[in-house]
Every structure is written in C-alpha cells, then in structure tokens.
Amino acid sequence: MKRDRTGQVANADSRGVDPAKARGRAAHETTGRASAGPASVNAAATRDVDAAAGTRVHVVGIGGVGVAGLARLYLQQGVRVSGSDRIASPATDKLAADGATIHACHAATNLPDDCSRVVISAAVPEDNPEVVRARERGIPVEKFSEALGRVLDTREGIAIAGTHGKTTVSAWTTDLLRRAGRDVGYLVGGLPIGYEISADLGTDPAMVCEACEFDRSFLSMRPQIAVINNIEEDHLDYYADLDEIYAAFREFVAGIRPGGMLIAPTSVLDRLDLPEDLPVTRLGTGFAPTDRIRAEQLDCVEGTWVFTLWLGARNCGRVRLRIPGEHSVHNALSAAAVGLASGLEPARVIEGLGEFRGVGRRLERVGMYNGAVVLDDYAHHPTEVAATLAAAREAFPGRRLWALFQPHQYSRTRRFLDAFAASFGAADRVVISEIYRAREAIDPEVSGAVLTERIRDHGGEAEFVARVPDVLAYLRDRLEPGDVLLTMGAGDITGVSHGLVG
C-alpha cells in the first residue's frame, strides 16, 4: 500500500485508519499460518504448542520476566509446567504457587521424564545440562521467541518493537484496550501498575506482546499489527551497525500478515524505505503537522505532560498523562495509534491514555528513605538514561537529584562510553557501580571506574562504588530529606532502591 512522505495512508476510511484491515485475520501467505477466530483461539493456542491439558513443558531460565510470562500462559491452558533458574525469585515463587514445579539450580535431573518440549530463554547456553539432556533424549528444544511466536500465530497479534519503550507501550496498549472492554491477551516485560500478573491469555482474539530485536528474536512473529516505537543503535554485541539493525527491522515488517498494519514514527517509516507493494497499511506518528497520528500543543504541567491528540484533520481532544517524561508522549502516540486502528472511538482513547499508571521499574516510585524520594528504572542505554533523568527533574523540580547507575554489559559500555558520560547532565550527584556482566566475558579495558572518570571529564560530580551492597551503605550515609534518588540499570541494581525503602 502506498504512503507518501507525510505518513498519510492510501485506502483509509474518513478517520484515516481502516479498522477492518487492522483487525483482519488473513493467513500469512508464505507460511500458511492462520489466525484463529474468537471461539477457537485458546484451543488453537493449546494445540499449537503441543500443550493439551496435562502435557508437560519444561522451561529453562524460567525466572526471566518474559519467559515467566510464557510459562503463565501455559499454566492457563492447563499445561503442566516445570522449570529452572539459577536462583529463586518473586517470579518463580508466584509460578510455583500457581502450580509450576520450580528448581533453583540447573541440573540434568531437573528434566521431567514425561517432558514433551523444552523452552529456553535467550540467556541459556547450549551446554546447559538440561538442554544437553533434552537433546540426548530427542525432546524438541526451542527458544522463548520461537515458542511465543507459535502462540501469537493463533491470535491477532499486536507486536510492539523498537529500541526503547517496548514494555511501556505493550502495557499501555493492553491497558487501553482492556479499559475499552476488550479482554485482550498480553505478555509484557514488566508488571503494569495495578495488575497482578505480567501475562494473561484473555478471551479476545487479539494478543499484545513485545517483539525484541536482540538475536533477531522478533523474526519469529507474524503479527496483524506491528508497532516500531523507534530504532537506534543497541545490541552491538550482536549487530554490526545501525544499517544491520534497520535491515533486521525490515525483515520483521515483511512478516506482518497481508492486510495488516505497521505503526511507526514517520521518520522511521521513511528510513525503512519499504517496498511500495508490501501489502501492509502504514500509519505514521509524530509531532509534525504532516504526521497522521500526532501530538500538538505540548505542555508540562506539574511534572506530567498534556497534549492535543490529532488523527489526520480530526482534533481528538486534550490528553493529560499520569506518568512523567516527554518521552511518554511518544509512547502514548504508539498506544493511541493501536487503539484507533483497532476501532476504538477517539474519546475512549483519550480517556484510556490518561488513566495508564505505568509499569514497574519504569520511573517507579518505590517509596521514601530518610525523607528522600526513591525511584527505580530499567534504563540501560544513554538515550534512556537522559530521558529518565529529564523526566525525574520535571517531576521533582528544585530537588537534589541523585543518579545511581549500574552499566549493563561491557560491550554496550565500551561502545557508548562518551554518550553515557554525557547523559547524566540533569543529575546533581552520580554514583556508578561496577558493570553488570551478561552474555559476555569481562573486558579489562572498560569498567565502572572508567565510566566514572569520563563523567567527571564531562563536568559531572560522580563517584564509583563497585559493589551493590557497598552502594547501599554509601547512600544511607548521604541521602538527605528532600533529595530524590533514581536507580537505573538492567541488572540487580534495583535491589538498592528496595533495600533503602525496606
């Protein structure tokens, strides 16, 4: 379907969106996969994963938030679930309480005798003893992304991709649709505030989930609606450069079901340079008058953002967000676009956008310590660090702002060293812990201490405290009433915020 450079869509109805096409259930022509109707969707999902009630699926790395969510979907289908991880956690405890068999270690003996399938997280190596034993026994082993893709094949998938904001937009889209009366399924990489679980099958044909670009995981998905929230350099331990990242996203877009829809900022649509004959409607978002779904008249009022939502030439009304940060307006546009494309009335979208309360570990207010506000966030990329600090500064003007950051991965820290150093400008005090290692060997040439020195070179007031327990003691001695502490990172630094609050 043809799109001009303004993001306008051909063959759309008077509102600028073709809801029938957005909700269509066309089979994916290249694979023969079909989307199930409302009455058959859950039964189809069960058959698809060889998971008739009573069958056994074993999940290695079950403590990860996404993998734990998939395990919950299995449990809801009547599947017997077992799994393992290095340590027990609240996620594994909850699964155990709901009927899963959990092992807080990795051992070949964890694999049940009656296991029919093994699912592994992206962090699990091939020499894991349970994976080795499964292959010896001829039991199928598949990655989390492949297993999730097979579940999504049975639904009208809404896949949320992008370098930043996947979890927030997935949760926001789910919340928006559910508040409008649609019991959509979802699997979110965090716990939406006000929800008890991060994944649920639902009863609606649609299902919302994140589509991660690492390891090209999102290529396992064939969604009906795909959102690309943004594209930026990241995961350079896997991708060579930004061009290769864009190439992977083009492959992802090629997997959208014919008659489906792609939602993305108009600037991203332009750079993707997609084939004109791709049978997918394209819907551009942004802040320019030419963007089809856009935000105008932005104002920051008492730490949160207010804007006017437009759909083409239609003024949908004023939105006041409950969550802080100008980047939240961008995320809101992605969620709004899905809602409008799914046939929600603009008034419903306006109301739903303003009711969303956020997601755990996304500028989450953990509590108070010695009169200081304690916040926690998953930010682990320079763009995310800068945006999160800016949001905290807007929400708490005039306060002394502490930033505690745990770098995540040696390769990311090395590649973005100067960008990280420049991203702490909104903070009054910066504390850096040692790099959290994941998926790679220690790089002796880069460290938390190196990053700390680089921040000082950029004019920041920074201290290096290597160990997380020592960070806790350091802050207990220095936080004062009226301060704001923001802990950031994708590793175990969240323990500091909870340790302070108790």
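The values are calculated or read from the model by the stated rules, or taken from the named source; none is laboratory data. What you see is a predicted model, and the numbers here were worked out from it, not measured in a lab. Because the Cβ atoms are built from the backbone with ideal geometry, glycine has one as well, and the counts that use them run over all protein chains shown.
Quick notes
- Any hit, the stretch 223-230, residues being among the polar types (S, T, N, Q) and surrounded by fewer than 21 Cβ atoms within 10 Å (Cβ to Cβ): yes
- Here the condition is being of a type in the set (D, E, K, R) and at pLDDT 95 or above; of Glu213, Glu196, it holds for Glu213 alone.
- All told, Leu278 falls short of being aliphatic (A, V, I, L, M) and either part of a strand (DSSP E or B) or not assigned by TED's automatic domain parsing to the domain that holds Glu210 (or both).
- Selection from the stretch 242-269 of residues that are farther than 23 Å from Asp215 by Cβ and surrounded by 20 or more Cβ atoms within 10 Å (Cβ to Cβ): Gly260, Met261, Ile263, Pro265, Thr266, Leu269
- Listed by first and then second residue, the pairs linking a residue in the stretch 377-401 that is buried (at least 21 other Cβ atoms within 10 Å of the Cβ) to a residue that is part of a helix (DSSP H, G or I) and of a type in the set (Gly, Ala, Ser), with Cβ atoms under 8 Å apart and 6 or more places separating them unless they lie on different chains, are Ala379/Ala387; Pro382/Ala419; Pro382/Ala422; Ala391/Ser328; Leu401/Ala392.
- All of Glu364, Glu351, Glu302 fail the test of being modelled with pLDDT under 95 and charged (D, E, K, R), apart from Glu302.
- Among the residues of the stretch 317-328, those that are surrounded by fewer than 19 Cβ atoms within 10 Å (Cβ to Cβ) and free of Cβ contacts under 8 Å to residues at least 60 places away in the same chain comprise Gly317, Arg318, Arg320, Arg322.
- Scanning the stretch 88-111 for residues that are outside any helix (DSSP H, G or I) and within 26 Å of Ser198 (Cα to Cα) yields Ala88, Ser89, Asp98, Gly99, Ala100, Thr101, Ile102, His103, Ala104, Cys105, His106, Leu111.
- Scan of the stretch 330-349 for residues that are outside any loop (DSSP other than H, G, I, E, B) and surrounded by fewer than 19 Cβ atoms within 10 Å (Cβ to Cβ), ordered by number: Pro346, Ala347, Arg348
- Options Val124, Val132; residue that is in contact with a His (Cβ under 9 Å, 6 or more places away or on another chain) and outside the structural domain of Ile160 (by TED's automatic domain parsing): Val124
- You will find that of Asp183, Asp204, the residue that is without any contact (Cβ under 8 Å) to a residue 60 or more places away in the chain, surrounded by fewer than 23 Cβ atoms within 10 Å (Cβ to Cβ) and closer than 25 Å to Gly352 by Cβ is Asp183 and no other.
- The residue of the stretch 281-312 that is farthest from Phe396 (Cα to Cα), among those that are of a type in the set (Val, Ile, Thr), touching a residue at least 24 places away in the same chain (Cβ under 8 Å) and assigned to a strand (DSSP E or B), is Thr281.
- Hits in the stretch 270-287 (condition: out of contact with any strand residue (DSSP E or B) (no Cβ under 9 Å at 6 or more places or on another chain) and farther than 18 Å from Glu213 by Cα): Asp273, Pro275, Asp277, Pro279
- For the stretch 125-152, residues that are over 24 Å from Glu233 (Cα atoms) and either among the polar types (S, T, N, Q) or buried (at least 23 other Cβ atoms within 10 Å of the Cβ) (or both) total 7.
- Among the candidates Val501, Val430, residue that is surrounded by 19 or more Cβ atoms within 10 Å (Cβ to Cβ) and either assigned by TED's automatic domain parsing to the domain that holds Val306 or β-branched (Val, Ile, Thr) (or both): Val430
- Arg72 vs. criteria within 20 Å of Gly189 (Cα to Cα), in a helix (DSSP H, G or I) and either modelled with pLDDT under 95 or not small (Gly, Ala, Ser) (or both): yes
- When residues of the stretch 350-379 are limited to those that are among the aliphatic types (A, V, I, L, M) and assigned to a helix (DSSP H, G or I), the one nearest to Phe416 (Cα to Cα): Leu353
- Of the numbered criteria (1) farther than 16 Å from Leu333 by Cα; (2) under 15 Å from the mean Cα position of the chain (by Cα); (3) surrounded by 24 or more Cβ atoms within 10 Å (Cβ to Cβ); (4) of a type in the set (Asp, Glu), the one Glu156 fails is (2).
- Being over 20 Å from Phe464 (Cβ atoms), touching a helix residue (DSSP H, G or I) at 6+ places or on another chain (Cβ under 9 Å) and in the same structural domain as Asp483 (by TED's automatic domain parsing) is true of Val374.
- Considering the stretch 207-221, and only residues there that are charged (D, E, K, R) and buried (at least 22 other Cβ atoms within 10 Å of the Cβ), the residue that is nearest to the chain's Cα centre (by Cα) turns out to be Glu210.
Let's see how each residue does on (1) surrounded by fewer than 17 Cβ atoms within 10 Å (Cβ to Cβ); (2) among the hydrophobic types (A, V, I, L, M, F, W, C); (3) not in a loop (DSSP other than H, G, I, E, B):
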position: Ala426; (1), (2), (3): no, yes, no
position: Ala441; (1), (2), (3): yes, yes, no
position: Val450; (1), (2), (3): no, yes, yes
position: Gly460; (1), (2), (3): no, no, no
position: Asp470; (1), (2), (3): yes, no, yes
